[in-house]
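The values are calculated or read from the model by the stated rules, or taken from the named source; none is laboratory data. Predicted model, so just to flag it, every value in this text is computed and none were measured. Glycine gets a Cβ as well: all are built from the backbone with ideal geometry, and neighbour counts include every protein chain shown. With ligands, DNA and RNA removed, areas are computed over all heavy atoms of the protein, side chains included. Shrake-Rupley method; radii C 1.70, N 1.55, O 1.52, S 1.80 Å.
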Amino acid sequence: MHQRRVVVVIYSGAQALDIAGPIEVFDTVNRQLAPTGVRYQVEFVSPDAPLVRTCSGMVVAAEPLAAGDGPIDTLLVPGGWGLKEALADRELVGWIGRAAGRSRRVASVCGGAFLLAEAGLLRGRRATTHWAYCAEMAERYPDVTVDREPIFVWDGRFVTSAGVSTGIDMALSLVEADHGAAYALEAARFLVLFFKRNGGQSQFSAILDAQLADRAPIRAAQEWILQHLEQPLPLPEIAERASMSLRNFARVFRREVGTPPGQYIEQMRIARARKLLETTDLPVGQIARRCGFPASETFFRSFGRALELTPNEYRNRFQTLAPSGHIVLPEQPDRSSA
């Protein structure tokens, strides 16, 4: 096999980033691979061919659905504001169902999971979609286990991702499965992503949650916590800084942020530890101290509880660095004689 055929099914009103994000990942990896490597061949098909207008107005050139006949490596289905009309298009839904049967794997971005479910592909499976539509999806497709937390979910050969930009994270995971972590991490760095997120990461990032705090004392407490994670951070001291009683602070913090202050602190410490594990070669014990864990054993317990991996397992999976700090890409086997 010299090419992995990726067929993207688009429709009027699809989300442009749902389409562009994953294919930019595939194109970036193609440029890393040696000429003999197994590259991605991306094709666009649509019932609205030849020119399909996305919901943002960007126009994508596509072939008719029939052009997507034959074996497919990855079938990719985006979401978008035109989803309601797409779900009512029986030709499109039926084609997706049939195409999935000749695909090695099937992936969706955001609301694209609705089209997979409508085609009966997610029956009895676990899936996710944009957090704003998880309840609707669960109600509409009761035979699908909808998980609103992860940014993407693997269930067998089906991969569903959450809102919009998480399609990039999902595509990186597909690349990792095809070519290894080094290529996925190098693509993430080339695309100037903050870091490569694993599927188990919540759709609700701690930083976004922090921005949702309305009351100034709680926002100030969050900022102070982030600036002093290496310190013990006793809750009575934080409450005093917010000019609130401990009981009132805990109650208001939980209401504003969505999690108790002690749990929030642990989440922030784990987030910092993940970044240090991904981007540095610091010893794990030193990372634990920098993140405010009093002992390595405490760090290992908290990290394992949050990610079901040890810090070393996480580093081995998500960091591929040479002593110089550069990414090391494995050599591609010579397939010229295959």
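The table below lists the values:
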| item | result |
| --- | --- |
| Pick from region 53-76, criterion touching a residue at least 40 places away in the same chain (Cβ under 8 Å) and of a type in the set (Val, Ile, Thr), ranking: surrounded by the fewest Cβ atoms within 10 Å (Cβ to Cβ) | VAL60 |
| Unique match (being part of a helix (DSSP H, G or I), open to solvent by 70 Å² or more (accessible area, probe 1.4 Å) and touching a residue at least 40 places away in the same chain (Cβ under 8 Å)) among GLU186, GLU85 | GLU85 |
| In region 127-159, the residues that are within 16 Å of GLY112 (Cβ to Cβ), among the hydroxyl-bearing types (Ser, Thr, Tyr) and out of contact with any Asp or Glu (no Cβ under 7 Å at 6 or more places or on another chain) | THR129, TYR133, TYR141 |
| Test for ALA288: is it of a type in the set (A, V, I, L, M), at pLDDT 95 or above and buried (at least 19 other Cβ atoms within 10 Å of the Cβ) | yes |
| Test for ARG269: is it basic (Lys, Arg), crowded, with 18+ Cβ neighbours inside 10 Å and either assigned to a helix (DSSP H, G or I) or modelled with pLDDT under 85 (or both) | yes |
| Cβ-Cβ under 7 Å pairs, at least 6 apart or on other chains, region 158-177 side more than 16 Å from VAL6 (Cα to Cα), far side surrounded by fewer than 24 Cβ atoms within 10 Å (Cβ to Cβ) and among the small types (Gly, Ala, Ser) | SER165/GLY21 |
| Some residue of region 299-306 being at pLDDT below 90, assigned to a helix (DSSP H, G or I) and either aliphatic (A, V, I, L, M) or buried (at least 17 other Cβ atoms within 10 Å of the Cβ) (or both) | yes |
| Among (1) more than 12 Å from the chain's Cα centre (by Cα); (2) open to solvent by 10 Å² or more (accessible area, probe 1.4 Å); (3) of a type outside the set (Ser, Thr, Tyr) - the single one HIS130 does not satisfy | (1) |
| Unmet criterion (only one of (1) farther than 25 Å from LEU307 by Cβ; (2) open to solvent by 40 Å² or more (accessible area, probe 1.4 Å); (3) of a type in the set (Val, Ile, Thr)) for THR145 | (1) |
| Hits in region 1-27 - residues which are part of a helix (DSSP H, G or I) and open to solvent by less than 10 Å² (accessible area, probe 1.4 Å) | ASP18, ILE19, GLY21, PRO22, VAL25, PHE26 |
